[in-house]
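Some notes on the structure that comes next.
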Amino acid sequence: MNSVSWWKKSLRIIQPNMQVRDTDRIDPERLARQLKEMHANTVVFNVGGIYAWYPSAVPFHHINEYLPNDRDLLEEMISAFHKEGLRFVARYDFSKADDYVYQKQPQWFVRDSQGEPEIIGAKRPGNWSLLMSTCINTGYRNEEVAVPALKESLSKYDIDGVFFNNPGTITCQCGSCRDKYRTLFGKEMPEHRSEYERSWWSVCMRHNIELLNDTIKGIRSDIPVLGYYNLFNERLEDRKAGTDLLCTEPQNVLSQGHHNIPEFWKPALSIKLGRSRAEEAAPLGIVHSCPGMDWRHTGLPPAEYAFWLAQIPAYGGQIWHSLTGVPDTIRDKRILKTVTEHNRKEALIASEMHGAKSLAGVALLWRSGKSTEGWADGLVNRQVPFDIIPEESVDLETLNRYRAVIVPEHYPVEGDVLSCWKKYTEQGGKLIVEGRLSGGDREQVAELLGIQSRVTNSERLTASYLRFEGNDNPLQRGMEDTELIPHRGHVVYCKPAVGSQVLATLVPPFSPLESVGAPPERASMSVEQTDIPLAIYHDKGNGSVLYVPFSLSELIDECKLGEHYQLLNNIVDMAAGRERLMKVTPITGLQATLYQSGEALLLHFVNGTGRRPLANSVPLHDIEVSLPISLISNPESVKGILENGELSFTTNDEELIFTLPRIDVWEMVKVI
Ligand SMILES: [Zn+2]
């Protein structure tokens with residue numbers, strides 16, 4: 001098992017989260033066979049930390065007391081997995097330790113401002129010892145337990161990779177943390193975490209992960225470390241340090257209740273963001289099989305689960321299934337069917353998708369927040385292929401790869417980003433800017449946006465409308481039968497500069513909210529029209545800028561009205577034109593992505609229509625797809641790899657057009 005970078009090939013991971021009390025139910029050879037039959041090629045299994053799953057000699061490394069005494073279960077498992085061709089990734093969790101360790105080594109543990117330790121699960125029934133959080137800056141998670149435990153297990157066992165669970169910094173006011181804080185920032189650690197320097201947590205984590213990673217590489221340089229990243233973590237560089245493979249955890253936590261259901265695009269965006277930052281291999285998307293940890297002994301509704309899983313490969317990621325137990329102890333056997341079926345499909349497309357490049361004509365500048373999410377929601381729901389550009393990657397060369405670039409509201413105008421946008425438009429780029437930006441020179445921002453420099457931010461408007469201006473207005477396409485669409489939220493009151501064209505204006509609130517409904521006899525609009533712009537367009541150099549001085553993304557995020565999706569679609573079409581690359585029958589809930597792989601084009605379609613959580617998949621029929629012919633000269637074949645088989649197609653001077661007869665869950669179409 002010694003190929004240098006096995007982890008750069010396609011991975012399908014299953015992580016059985018085994019309960020220690022079920023240890024005697026592990027039959028290594030049977031388990032290896034089962035996981036292979038489920039089309040996994042890599043297993044993540046517990047090795048060390050809270051429980052050592054082997055006879056560790058490292059002091060205070062707590063050994064799973066349910067391990068058999070007469071044989072080495074870990075050794076047996078690893079060799080059984082290897083015999084079936086499965087790679088073994090060792091999971092460690094040094095974030096907690098037993099209370100007997102606390103009594104002997106109290107300096108290793110997290111303290112609050114009162115000096116009290118953090119106890120996990122004190123009220124858990126069933127005669128368990130207490131677990132307490134360990135401090136990332138002390139010996140337990142560094143030289144005294146984590147490092148020797150890694151050295152011991154990696155020297156003794158044929159481990160292929162390492163994964164750290166809960167690797168983050170837990171807020172802690174122990175003496176070690178206070179000392180470190182003083183050294184780092186030259187001042188005392190504040191009483192409340194809200195007053196900490198923002199980089200504190202990620203810097204501590206980086207120091208810790210780097211030490212652990214160096215330890216691992218010192219034993220065997222070819223062992224990759226799999227590390228978490230978080231969609232909403234703003235200092236990714238600190239997180240990424242010391243990891244080879246990025247993983248993210250887009251969970252479908254239905255137990256939060258229907259009103260708090262996770263957004264449908266969570267896996268999509270997590271993987272997209274991961275791809276924008278992963279260097280050597282596609283990011284891994286960890287999906288738990290359960291509808292929330294409180295219900296971890298059951299499975300997600302199968303239709304919802306299959307839809308959620310499909311987004312991982314469709315957006316260019318690799319699946320990592322997290323299960324509660326091994327197949328023999330899993331109570332909800334539907335999970336096994338869904339996982340097997342998903343893996344079977346992912347295995348079918350793995351070689352085609354390996355190293356495939358995203359084809360997107362549109363880029364969204366990323367900054368975690370509602371506005372970026374609203375844009376992403378709209379782009380996904382209008383099947384616009386797009387890439388995400390993280391803040392640290394915004395430069396002219398990157399922007400120039402895209403026909404259109406979207407700047408969401410509140411985006412920070414820092415450094416030379418403004419001159420970068422300017423050059424981008426002068427060289428032919430199409431910039432779409434929304435609402436209020438953060439910072440930047442007022443005159444220069446106004447010049448870029450095609451407005452006069454005096455602007456005023458409005459109060460939050462309600463009961464207001466957007467009016468389309470002029471005939472043949474490209475922003476009104478598909479909405480010709482209405483002159484108004486709903487509007488609310490903040491507006492940047494501005495005036496167009498000379499040469500700018502106003503495509504939409506504000507109709508101010510006709511009534512305060514308390515009297516919008518009654519009486520209808522008084523519901524007149526006293527002002528039907530203003531010259532306050534809600535969309536301004538101007539040519540700039542060889543490109544253009546389309547400015548929408550209101551929160552379109554917030555409207556999409558909050559209301560999910562078809563009109564706002566259509567407006568977003570029209571904005572993108574106006575900017576990117578045919579170079580948005582793919583056109584698909586617009587259906588809310590249908591997702592589409594586009595890749596280039598060698599000579600072939602690969603298109604994914606994921607069907608999430610219907611009310612979530614999906615109780616059934618609602619098949620979609622006769623989806624028409626068109627691609628610019630420039631992407632593929634002389635197409636020979638269009639084939640649905642997963643659901644449809646060979647498809648007929650037509651071409652003309654501009655387009656390749658085909659129809660997908662049916663999409664149940666997930667289809668990948670290959671065009672060569
Ligand atoms: Zn501490």
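Taken as a whole, the stretch 615-626 holds no residue that is among the charged types (D, E, K, R) and within 27 Å of LYS540 (Cα to Cα).
Please specify each residue of the stretch 624-640 satisfying the condition of being part of a loop (DSSP other than H, G, I, E, B) and either small (Gly, Ala, Ser) or within 28 Å of the chain's Cα centre (by Cα) (or both).
As a first pass, look at the stretch 624-640 and keep what is part of a loop (DSSP other than H, G, I, E, B): 632-637.
Passing the criteria: SER633, SER637.
Tell me yes or no: at least one residue of the stretch 450-459 is aliphatic (A, V, I, L, M) and touching a Leu at 6+ places or on another chain (Cβ under 7 Å). Write out each step before concluding.
Kept after step one, since they are aliphatic (A, V, I, L, M), are these residues of the stretch 450-459: 451, 455.
Keeping just the survivors that are touching a Leu at 6+ places or on another chain (Cβ under 7 Å) gives none.
Within the stretch 450-459, not a single residue is aliphatic (A, V, I, L, M) and touching a Leu at 6+ places or on another chain (Cβ under 7 Å).
Looking at the stretch 147-160, is at least one residue within 16 Å of the ligand (Cβ to nearest atom) and open to solvent by 10 Å² or more (accessible area, probe 1.4 Å)? Among the residues of the stretch 147-160, not one is within 16 Å of the ligand (Cβ to nearest atom) and open to solvent by 10 Å² or more (accessible area, probe 1.4 Å), which makes the answer no. Exactly one residue out of LYS583, LYS560 is of a type in the set (Lys, Arg), out of contact with any strand residue (DSSP E or B) (no Cβ under 9 Å at 6 or more places or on another chain) and open to solvent by 20 Å² or more (accessible area, probe 1.4 Å), and it is LYS560.
Of all residues in the stretch 99-120, those satisfying the criterion of being surrounded by 14 or more Cβ atoms within 10 Å (Cβ to Cβ), among the hydrophobic types (A, V, I, L, M, F, W, C) and without any contact (Cβ under 8 Å) to a residue 60 or more places away in the chain are VAL101, TRP108, ILE119. Per the conditions (1) open to solvent by 50 Å² or more (accessible area, probe 1.4 Å); (2) within 16 Å of the ligand (Cβ to nearest atom); (3) in contact (Cβ under 8 Å) with a residue 60 or more places away in the chain, the sole criterion not satisfied by SER79 is (2). Give me the residue from the stretch 30-52 that is free of Cβ contacts under 8 Å to residues at least 60 places away in the same chain and closer than 17 Å to ASN166 by Cβ and, out of that set, least open to solvent (accessible area, probe 1.4 Å). Restricting to residues being free of Cβ contacts under 8 Å to residues at least 60 places away in the same chain and closer than 17 Å to ASN166 by Cβ, the top hit is PHE45.
Any idea which of GLY499, GLY439, GLY489 is more than 37 Å from the chain's Cα centre (by Cα), under 27 Å from TYR411 (Cα atoms) and open to solvent by less than 80 Å² (accessible area, probe 1.4 Å)? Walk me through how you get there before you give the answer.
Details: GLY439 fails: more than 37 Å from the chain's Cα centre (by Cα); GLY489 fails: more than 37 Å from the chain's Cα centre (by Cα).
The match here is GLY499.
In the stretch 573-598, the residues that are without any contact (Cβ under 8 Å) to a residue 60 or more places away in the chain and in a loop (DSSP other than H, G, I, E, B) form Cβ pairs under 9 Å with partners that are open to solvent by 50 Å² or more (accessible area, probe 1.4 Å) and not β-branched (Val, Ile, Thr), at six or more places apart or across chains, as follows: THR585/ASP622; THR585/GLU624; GLY598/GLY355.
A count restricted to the stretch 1-35 and to residues that are in contact with a Gly (Cβ under 8 Å, 6 or more places away or on another chain) and under 17 Å from THR329 (Cα atoms) stands at 5. Just wondering, is there one or more residues in the stretch 531-549 that are out of contact with any Phe, Trp or Tyr (no Cβ under 9 Å at 6 or more places or on another chain), within 23 Å of ARG382 (Cβ to Cβ) and at pLDDT 95 or above? Looking for residues that are out of contact with any Phe, Trp or Tyr (no Cβ under 9 Å at 6 or more places or on another chain), within 23 Å of ARG382 (Cβ to Cβ) and at pLDDT 95 or above, one finds at least one in the stretch 531-549, hence yes.
Right, ARG124: free of Cβ contacts under 8 Å to residues at least 12 places away in the same chain, of a type in the set (Lys, Arg) and away from the ligand (no atom under 16 Å from the Cβ) or not? Even if it seems obvious, please write down each step before you answer.
Details: free of Cβ contacts under 8 Å to residues at least 12 places away in the same chain: yes; of a type in the set (Lys, Arg): yes; away from the ligand (no atom under 16 Å from the Cβ): yes.
For ARG124, the condition - free of Cβ contacts under 8 Å to residues at least 12 places away in the same chain, of a type in the set (Lys, Arg) and away from the ligand (no atom under 16 Å from the Cβ) - is met.
Scanning the stretch 242-291 for residues that are more than 16 Å from TRP320 (Cβ to Cβ) and among the β-branched types (Val, Ile, Thr) returns VAL253, ILE261.
May I ask you to list the residues in the stretch 113-142 that are under 17 Å from TYR102 (Cα atoms), more than 32 Å from the chain's Cα centre (by Cα) and charged (D, E, K, R)?
Our first condition is that a residue be under 17 Å from TYR102 (Cα atoms); within the stretch 113-142, this holds for 114-122, 128-142.
Imposing the further condition that a residue be more than 32 Å from the chain's Cα centre (by Cα) reduces the set to 114-117, 122, 128-130, 139.
The answer is GLU116, and nothing else.
Within the stretch 53-76, being in contact (Cβ under 8 Å) with a residue 60 or more places away in the chain, open to solvent by 40 Å² or more (accessible area, probe 1.4 Å) and closer than 16 Å to LYS156 by Cα holds for ALA57, GLU75.
Is it fair to say ASP328 is in contact with a Lys or Arg (Cβ under 9 Å, 6 or more places away or on another chain) and open to solvent by 30 Å² or more (accessible area, probe 1.4 Å)? Answer is yes for this residue. Which condition number in (1) under 28 Å from LEU309 (Cβ atoms); (2) out of contact with any Ser or Thr (no Cβ under 8 Å at 6 or more places or on another chain); (3) in a loop (DSSP other than H, G, I, E, B) is the one that LEU379 fails? LEU379 satisfies all of (1) under 28 Å from LEU309 (Cβ atoms); (2) out of contact with any Ser or Thr (no Cβ under 8 Å at 6 or more places or on another chain); (3) in a loop (DSSP other than H, G, I, E, B) except (3).
Test GLU144 against the stated conditions and say whether it is part of a loop (DSSP other than H, G, I, E, B), at pLDDT 95 or above, within 15 Å of the ligand (Cβ to nearest atom) and surrounded by 13 or more Cβ atoms within 10 Å (Cβ to Cβ). Walk me through it before giving the result.
Numbers: part of a loop (DSSP other than H, G, I, E, B): yes; at pLDDT 95 or above: yes; within 15 Å of the ligand (Cβ to nearest atom): yes; surrounded by 13 or more Cβ atoms within 10 Å (Cβ to Cβ): yes.
It is true that GLU144 is part of a loop (DSSP other than H, G, I, E, B), at pLDDT 95 or above, within 15 Å of the ligand (Cβ to nearest atom) and surrounded by 13 or more Cβ atoms within 10 Å (Cβ to Cβ).
If the condition is being open to solvent by 70 Å² or more (accessible area, probe 1.4 Å), within 16 Å of the ligand (Cβ to nearest atom) and in a loop (DSSP other than H, G, I, E, B), then the stretch 167-191 contributes GLU188, GLU191.
The selection criterion, being basic (Lys, Arg) and touching a Ser or Thr at 6+ places or on another chain (Cβ under 9 Å), holds for LYS583.
The values are calculated or read from the model by the stated rules, or taken from the named source; none is laboratory data. Source: prediction; values computed, not measured. Counting neighbours? That spans all protein chains shown, and the Cβs are built from the backbone with ideal geometry, glycine included. Protein only, heavy atoms only, side chains kept; ligands, DNA and RNA dropped before computing areas. Shrake-Rupley method; radii C 1.70, N 1.55, O 1.52, S 1.80 Å.
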